[in-house]
Structure formats: C-alpha cells, structure tokens
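Where a number appears in this text, it was derived from the coordinates with a stated rule and is not lab data. Since we're looking at a predicted model, the values are computed, not measured. Virtual Cβ from ideal backbone geometry, glycine too; neighbours counted across all protein chains shown.
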Amino acid sequence: MTLNRTHIRRGWLYAAVLALFGSAFLVLPASAEAVPFADCPTGQFCLYDGSGGTGTRTDVAQGGKAERDAGTILSVKNNTGMWACAYSRPEYGGGHQTVKPGNSDEYVKDGVRWVVGSYKLVPTRALCFTGYERCQGTQLCTFAERNGRGAMTVFDKPATDTTTGNHGNSYGPEVPSASVVNRTGRHLCFYPTADYQGSWTDDNDTVYGAYVVLRGQSVTVPSPFAGTFRSHELVNGTSECQ
C-alpha cells in the first residue's frame, strides 16, 4: 500500500508540472511584432515617409528646422527634449501641429494626407505659434501671416529717398505685411502710398497718418492697416512720422 500511495503522489506531481508548463507555453506569443517608431534614436526628431513610423527615415537633431522642401512626411517621432512644430505650408505658414517631447504623430488619416510644408524644433510650445526669430540682427521684417509666420520680406539696408529725403523704403503691393518685427534700433512709420504719405480710417472714423511700430516691437497688424503698406521710414521719434 505504501508503494501504491507513493506512485499516486508522484503521478499527481508529474501532472501538475506538465500543466504548469503547458499554461506557460500557451501565453507566449507566436511571434514578436516590431514596435512602431522603435528605430528612432535618442536625441532625434525622426521623419518617416510612411505611416506608423514605416518607410524611409530622416533624422533631425535638436534645434533643427526646414522652412521649405520638407519632403514627404506621413509620420514623425519626437525623441528630443524640445517641442516639434509641423506646418502645412513653407516658411512656418498655414495650419500647424505640435509634438511634445517623447510623442509621435500621424499625418495621414482615412487615406487623406496632411501635407507638412515646414518644421522646426523649439524649447517651448509657445514658439510654435510664431516665426519672428527668423528676423535677425538689425533687420526690419514683414510677414505674410500673423505672428511672424509665412513668407518673410527683409529690409536690412534702408535707403534715403533722393526726392523726399526719407530714410526708408517704398515698394509695391507684393510685399506681405500681416505682421512686423522691428529690430532696427529706430522707430518705424508705415504709409499706404509709395511716397511716404496717405492715411487710414478705421471703423470708428479715426484717421491715422502713419502706422507706428516701435523699435524692438513685434506685432500682428490689424485692420485696416494689414496688407496695405507701400512705404516706410525709420525715425528717432514718432513725431517725425508724416
């Protein structure tokens, strides 16, 4: 009887062990699948020409940017410590998306592609909403869109008009002026005509002889001034504006 009980105990033990191993094998996956964006190196903003981190990958280091010709981008992984800003048009124009550090993003949904026309990496998300940093040194810059975004025109060498003596520039309607940054060290007077004259009238019938941007100031130009500048001059005091 003792022998039989021993065999019974051993048989129960063998069955338990086999059941344990069987359950372990049952939960193992048949094959491991690649984790999306797992190939993006640390410290890089990775751009893929396929959805879900597939296709050809382009790496951009912290602080990198492309104002135009961004190429085909269908997905991204931000593996940097900075915010990534993606725009639907060149020169940080159009609609935009922000990608926080460590996150990924998709630019194709339901078969429709969201075109990435430009991008940049910046220290804070707030800087995704502006593009004034492109205007350097002592330049005067105007922009096609609000907040320093879109096509930029630089006036870095003001001339003295031989007829009027104004220290500034005159130009045609092709110059964008939805926003302005003045880094010249002087105050700035804008006019609606090419000969440093004219005036504007707002909705309250207030007449303005010049639109002033103080030195060091950046501004989104409101109505009725936006898009109407045809000349400007630089002055030491705003009382010198025409």
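Structure data summary
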{"item": "Residues of the stretch 46-63 with amide N under 20 Å of a point placed 7 Å along Cα→Cβ from Asp69", "result": "47-49, 56-61"}
{"item": "Exposure proxy order (Cβ contacts within 10 Å, fewest to most) of Lys77, Lys100, Lys65", "result": "Lys100, Lys65, Lys77"}
{"item": "Dipole of the stretch 44-129 [Lys/Arg +1, Asp/Glu -1 at C-beta], most positive-end residue of Tyr48, Trp83, Ser118", "result": "Trp83"}
{"item": "Loop-resident sites, the stretch 57-131, for chymotrypsin sites (Phe, Trp or Tyr not before Pro), counting at most 16 other Cβ within 10 Å (DSSP)", "result": "Trp114"}
{"item": "GluC sites (Glu not before Pro) restricted to DSSP loop in the stretch 172-242 with at most 16 other C-beta within 10 Å", "result": "Glu174"}
{"item": "Residues in the stretch 68-98 that a label on Thr56 would reach, taking backbone N under 18 Å of a point 7 Å out along Cα→Cβ", "result": "68-77"}
{"item": "Residues of the stretch 145-181 with amide N under 12 Å of the 7 Å Cα→Cβ point at Glu240", "result": "166-168"}
